[in-house]
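Reading through the structure tokens given below for one structure.
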Amino acid sequence: MFWLIGTLIIVLGPIILVHELGHFIFAKLAGVRVEEFGLGYPPRLLKLWRGKGYLEIGTARVIVPAGFRLPERAKVGTRVDAVASPREDGSFVLDRLTVVDLDAGHPGAEPEAAEAPDNELHLRGELTAVEPGTLYSLNWLPMGAFVKLTGEEDPSDPRSLASQSKRWRVIVLAAGAIFNIATALMLLIGAYTTGLPDKWQVEVTSIEPRTAAEEAGLLPRDIILAVDGERIEEGMEQLRRIIRAAPERTIDLTVLRKDETLTIKATPGRTSDGYGFLGIMMAPWPDRSALQHYRLPEALSASVNDIVSAITATIRIPARLAQGDITAEEARPTSMVGISGVLAFSLQQSVEWSLAFPVLQTAAFISLALGLTNLLPLPALDGGRILFVLIEAIRGRRIPPEREAMIHFVGLVILVGLMAIVMLQDIINPIIPWSFLR
């Protein structure tokens, strides 16, 4: 639980946050009203602050500064008493706002304005527009972020997403995925520049009872550096080859135990096939004396190649499944539970190895997968919404908003149901066995 929760907050949360930042930034640029940008998922813990907005009292516009708390009764159609201060550009910034009783004799009248000696502007009249600014909130579930936009399918509001041009709608919808792909590229560049091992040693993860390893005194967490003076540089396959070739022959194991280097004598047993058997479970361990640090151009080239290879491999999955090159288990989808398990394992490796490469590389591919998945032309996903915009461009007219909203709702219900099934599978049959997280 420690590793899973830590991974959600430290690694997976920021990947989701980047996705939502893409939508947020380009929605702002497009002039779409962003009602809320939340850190984490509801339920809401705190309202942090509000961004800059504006009010219109009659035909006079007043800027609502960031952090200003509007009265809950300040709605379009109510009468208010406002005091605003001038700025150098000629605009006015709201200082105070009070909702007053409706004046039955002057509904919808132009505001009364008076300039006080202190150069403040006093306005009294009916609110004709209220743009309170984006609410920035902190929520209880620390799993990324969310963005609430006005009217993703309803074009009736001029500041809704659906009312924007087709070009801006596609840009806003695709921005999250593009940010994830860009993040994947940057994470891979970071992984290659911080260094990856050229040579691999072997960590003993567990000892089988009543075997040569137990008799020799090997312990879990021992790092095997060499056998009979031959350095282990190719990892587990090299060690396995040496052990299999030495049945019932005493060998010298050079072992790193904590900060001490030891020489341990062991005599592998003989299997029924005549091969040597030591009795250990193994895991790769990087040789930190042999790290390769890529220069920036090399890291960029390697990262682009990795992303292209990952995309190509993903596209080829259906064909490879049909041809029997991979099994359904190998191609299985995964939920946030499975993703968290994989990330937790790689984060644990990075911490234990004192090497950033494992977690950066894994996070990069998960960010890439999140971006590509959201571009799939399925209802409720960003790609599905983009598909509706493209259909509109081809047809020359919009699909009725209520019909589009219903299709996305049905798609969302189906996706949630499928994800629940996948999540249950990830719990029962995890991609990374829970026992690997120690």
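No lab work stands behind these numbers, since they all come straight from the coordinates. All values reported here derive from a predicted model rather than from experimental measurement. Cβ: placed from backbone, ideal geometry, glycine included. Neighbour counts: every protein chain shown.
Our note on the geometry: Cα centres of the range 117-172 and the range 243-285, 66 Å apart.
Only Cα pairs under 8 Å and 6+ residues apart enter the sum, and on that basis the relative contact order of the chain stands at 17 percent. The calculated Kirkwood hydrodynamic radius for the chain is 26.7 Å, given to one decimal from all distinct C-alpha pairs. Restricting the range 252-342 to trypsin sites (Lys or Arg not before Pro) that sit in a DSSP loop and have at most 16 other Cβ atoms within 10 Å of their own Cβ leaves K258, R295, R316. Cross-link partners of K47 among aspartates and glutamates, defined as those whose alpha carbon lies under 12 angstrom from its own and excluding same-chain residues fewer than eight positions apart: E36.
For E36, list long-range residues whose amide hydrogen, built 1.01 Å from N in the peptide plane, is under 5 Å from its own amide hydrogen. Here the answer is L135, K148, since their amide H atoms fall under 5 Å of that of E36. Histogrammed with a bin width of 5 Å, the alpha carbon distances of the range 256-357 distribute as 2, 8, 9, 12, 15, 15, 14, 12, 9, 4, 1 percent, first bin at zero.
Helices in the chain that qualify as membrane-span-like (whole DSSP H runs, Cα extent of at least 15 Å along the helix axis, mean Kyte-Doolittle hydropathy of 1.0 or higher) are 13-30, 166-194, 296-315, 357-374, 401-428. The distance between label points at N305 and I10 comes to 3.0 nm (points 7 Å beyond Cα on the Cα→Cβ vector).
Basic side chains Lys and Arg get +1 at the Cβ, acidic Asp and Glu get -1 at the Cβ, and with that the dipole of the chain about its Cα centre reaches some 580 debye. Computed from backbone phi, the HN-Hα couplings of the range 121-138 come to 9, 9, 10, 9, x, 8, 6, 9, 7, 10, 10, x, x, 5, 7, 9, 10, 10 Hz, rounded to whole numbers (Karplus: 6.51 cos²θ - 1.76 cosθ + 1.60, θ = phi - 60°; Gly and Pro given as x).
For the range 198-248, trypsin sites (Lys or Arg not before Pro) are listed when DSSP marks them as loop and at most 11 other Cβ atoms sit within 10 Å of their Cβ; the list is R210.
Candidates V410, G371, A393 compared by Cα position along the dipole of the range 368-420: farthest toward the positive end lies A393, with charges placed on Cβ. Using C-alpha pairs under 8 Å with a sequence gap of at least 6, the mean separation divided by the residue count of the range 114-163 gives a relative contact order of 17 percent.
The listed peptides 305-312, 175-182, ordered by packing as a protection proxy, come out as 175-182, 305-312 (highest mean of other Cβ atoms within 10 Å first). Qualifying GluC sites (Glu not before Pro) in the range 1-110, where qualification requires a DSSP coil assignment and no more than 10 other C-beta atoms within 10 Å, comprise E72, E88.
With Cα atoms as the point set, the range 198-291 shows a radius of gyration and Dmax of 12.3, 40 Å. For the chain, the 222 nm mean residue ellipticity estimated from helices alone, with every DSSP H stretch of n ≥ 4 adding -39500 (n - 2.57) and the total spread over all residues, rounds to -13000 deg cm²/dmol.
Under 23 Å of direct C-alpha separation, and excluding same-chain neighbours fewer than eight residues apart, K199 reaches these lysines: K258.
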